[in-house]
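Please read the structure below before turning to the comments.
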Amino acid sequence: MKLVVTEKNDAAQQIARLLSTSGKPKADKVYDTPVYRFSHDGEEWVTIGLRGHIMAPDFPPELKYDRKEGWYGLTTEGEHLPARLPDDLAKPPYETKRKPFLKDGIDIKGWKVPSLPYLVWAPIEKLPAEKGIIRALKNLAKKADSIVIGTDFDREGELIGSDALRQMRQVAPDTPVSRARYSAFTKAEIDHAFQNLVELDQDLADAGESRQYIDLIWGAVLTRYLTMARFGGFGNVRSAGRVQTPTLALVVQKERERQAFVPEDYWVLWGMLAPKGSASEDDSFKATHATARFKDKAAADAAFARVRDASEARVLSVEKRRRTTNPPAPFNTTTMQTAAAAEGISPARAMRLAESLYMDGLISYPRVDNTVYPKSLDLKACVRTLSEVPQYRPTCQALLSGGPLHATRGKQETTDHPPIYPTAAADPGSLQPAEWKLYNLIARRFLATLGDPCVTEGTKLTFDVEGERFTSSGTVVVEPGFRAIYPYGQRKDEQLPMLSEGDVCDVRKMTLDAKQTEPPARYSQGRLIQEMEKCGLGTKSTRASIIQRLYDVKYLKNDPVEPSQLGMAVIDALTEYAPRITSPSMTSELEDDMTKVAEGADTQEDVVTHSRALLSGVMGALIEHKDDLGNAIADAVTADAKVGVCPKCGRDLVMKTSAKTRGSFIGCMGWPDCDVTYPVPSKVKVEPIEGEAGVCPVCGAPRIKCKPFRSKAYEICVNPACPTNREPDIVVGTCAVCEADGRHGDLVAHKSEKTGRRFIRCTNYDVCGVSYPLPQRGELHATGETCPDCGAPIVEVVTARGPWRICVNMNCPGKEKKAASRAGRGRGTSASAKASGAKRGTRAKSTKSAKTKSAGGKSSKAKSPAKGES
């Protein structure tokens, strides 16, 4: 049996489908891990998909010191991991017995600042992250005659394959192992890869593992340091890392340039002209004074005075010039992310979508640096494939009938993967809108690289208006070339009327505008990706996730990218006390070191040790100035968390995180003297509203903007008891549980004045405990109808997208199969409780889980979701 190990389950499924010569592969499971069995040329094959990294690096919980053995890491299993710590770090016995200092070592599991110099040099162990998959992998490896590693061909994929091989070698030390390298899930590509197997590139895997170790060390040390430097209830962990910190510094530097910018006044004199005698508004065109920007107001006023009442403009000259724009280079990861960002798809989302398209066999491998198509790529076959998509058919037919195809070449050429190109025709109806948007961009880019140059013609007209010179420029496309299929970023035609030297135009109006120079533009996410590449920060695979991480930890906001107050404070403080951490040069140096490992010119151990030394060199200054840094970011932490002013005491109301529940809420900075708190809507991003609009005119509490994921933003008062948040109770039906017990109970839709949440509950709730959840947005209407599947009420919810009707029972058999199967298991609820879908609560004075009688005479046991809400 031949075993094929892939990076993900989807890849295992695709390879089995493409290699099977005996029909559809058989889906099976080894323990709980899916596998696919099939026959290939009479031989039994099995593919298994991992879940990315199955081994995760981590530090041991303690560092121990023994005079004979020296320093070593002590794992939870009692294993000793050799450690090499500098001689200048103090050794036991220590003067203090407080953690992190131990009798015979250092506790590095707890987040204590004195342990950080030791953490820098702590040994690293790799622990199982996917025990179930590892168990299945070993089970199959014992039975395999040969093993093929079929993970993605890059540093990370090679490392994943290497980790999997180490696990399999424990049970199959002598089984032959080979490596399959491919760039797309197409029949030809997969057949070629498995007919031309190679060896696993251990140098490439070591480079990937070096990155893992270095990022763990830097991330753990700097994150713990920043968090402990200023600990508070505002979402306490403050992240930092080898790449994300200098990336944040780029954004902060741009913001500082904007803040330091001093605008200058200037004046622009322009007018609207039209051919002599024309009455149509469509014939009007704009002409601007030859002095594009007047910096002297007196000169601008004088010129304006001369032309203010002008009625004619005479053409002095007509200049025409043609410009040729060559087709774009093929997409690599960076240029694809940049182009996608210009179309409203963030780099992180673009990579998720590209990965999905790749796994579906629609595009080639999306993590590439290459911008030159290899000679082995059949360009005509790709074009013929795309001709199956109606939108591309005319362009494809023109390319196929025009002789040999010649593609553009970018500046970067590698041999691992081709540039990103479409590998199959996609049906817009079978893809999500965002997936089709990205696929369409990639497909059109590919066709554009095979197209002709675009030729435009620019026209410049010079006029005399009462002795003042004005100019007007326009550009039109003469030969669209590649622009016919790739319109992205194309400027709209600016058509000027056909005029000749000496012609006269009517002056319809003249205007003098006062303006100011603008500060440098902020980075868009796409532009930031390019800047990171230029500075050597991150890799094609990691840059998008690094930017997303900075958003997640609230160092960045908005797009174009803007640093938060906390993000600026962190960079300012680190720049003052440890400037090398925020500089791209050190990160770029480490990236070069890892490249040398991949090329076999350096070793993993040397590179990781070098990175430890670099970090160790800045920790002394950071620890010395811990309090200074903490104070520097304190105000920024509060400023970013502020949502308004407390109506009771006038102190700041800020977003806080509960230490008990880890949930968010709004609380007063005057606590404990002021106990004002407000709940926060769930599953939304909250932003304060500036100015008067940020204060509720009814109750005086702050108003906030809530941004649900992929939904329209809305504004609310944070006070659930505010009249603007109140909703009338609506009777939506009768309680089936009460009816079965011989009572009458109305089901009432109610909005809690305590939490602001909406729900349905029975008027006999204290007896029957029946309640249902409700959507938290939209206008509610009772329909008087019940669900035919479960008997629960059907309500109408009216939103901006229109009305929609729902059964309020989350466990309704008519809903999705997963929900139905969960309801079917019952978890101890009675038959009638399942049928009604109601959650069974408890009496107000009963214990937390009291038994109550159900309609069918059976007891049920459940928690009340709505207890205490009123």
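Values in this text are rule-based calculations from the coordinates and carry no lab data. Computed from a prediction, not measured in an experiment: that's the story for all the values here. Every residue, glycine among them, receives a Cβ derived from its backbone with ideal geometry; neighbour counts consider all protein chains shown.
Rg/Rh for the stretch 333-451 stands at 0.94; both radii use Cα atoms, and Rh follows the Kirkwood definition. Taking 16 Å as the straight-line reach from the Cα of K91, the lysines in range (excluding those fewer than 8 positions away in the same chain) are K64, K68, K99, K103.
Once you order the gyration tensor axes a ≥ b ≥ c over the Cα atoms, which shape class does the chain get: rounded for a/c under 1.5, otherwise prolate or oblate by comparing a/b with b/c? Judged from the Cα gyration tensor, the chain comes out rounded (a/c under 1.5). Counting only whole DSSP H helices of the chain, the ones at least 27 Å long by C-alpha along their axis and with mean Kyte-Doolittle hydropathy no lower than -0.5 are 202-229, 604-624.
Partner lysines whose Cα lies under 16 Å from the Cα of K509, excluding those fewer than 8 positions away in the same chain, are identified as K276, K286.
For the stretch 228-333, applying the loop criterion from DSSP together with a ceiling of 15 other beta carbons within 10 Å to the GluC sites (Glu not before Pro) yields E264. Rounded if a/c is under 1.5, else prolate if a/b beats b/c, else oblate: with a ≥ b ≥ c from the C-alpha gyration tensor eigenvalues square-rooted, which is the stretch 646-723? Taking the square roots of the gyration eigenvalues as a ≥ b ≥ c, the stretch 646-723 is oblate. For the stretch 353-412, trypsin sites (Lys or Arg not before Pro) meeting the loop criterion (DSSP other than H, G, I, E, B) and having at most 12 other Cβ atoms within 10 Å: K375, K411. Here the sum of -39500 (n - 2.57) over DSSP H runs of 4 or more residues, divided by the residues of the chain, equals -10000 deg cm²/dmol at 222 nm, to the nearest 500. Highest mean packing comes first when the peptides 349-362, 510-523, 109-122 are listed by Cβ atoms within 10 Å, giving 349-362, 109-122, 510-523. For the stretch 673-762, GluC sites (Glu not before Pro) meeting the loop criterion (DSSP other than H, G, I, E, B) and having at most 14 other Cβ atoms within 10 Å: E690, E753. For V4, the residues 5 or more places off, or on other chains, whose built amide H falls under 5 Å of its own are V46, T47, I48, V148.
Any of K660/K751; K297/K554; K26/K437; K109/K656 with alpha carbons more than 32 Å apart? Name them for me.
K297/K554; K26/K437
Amide H contacts of F331 (H built 1.01 Å from N, in plane; Pro and chain starts excluded): I420 sit under 5 Å, all sequence-distant by 5 or more or on other chains.
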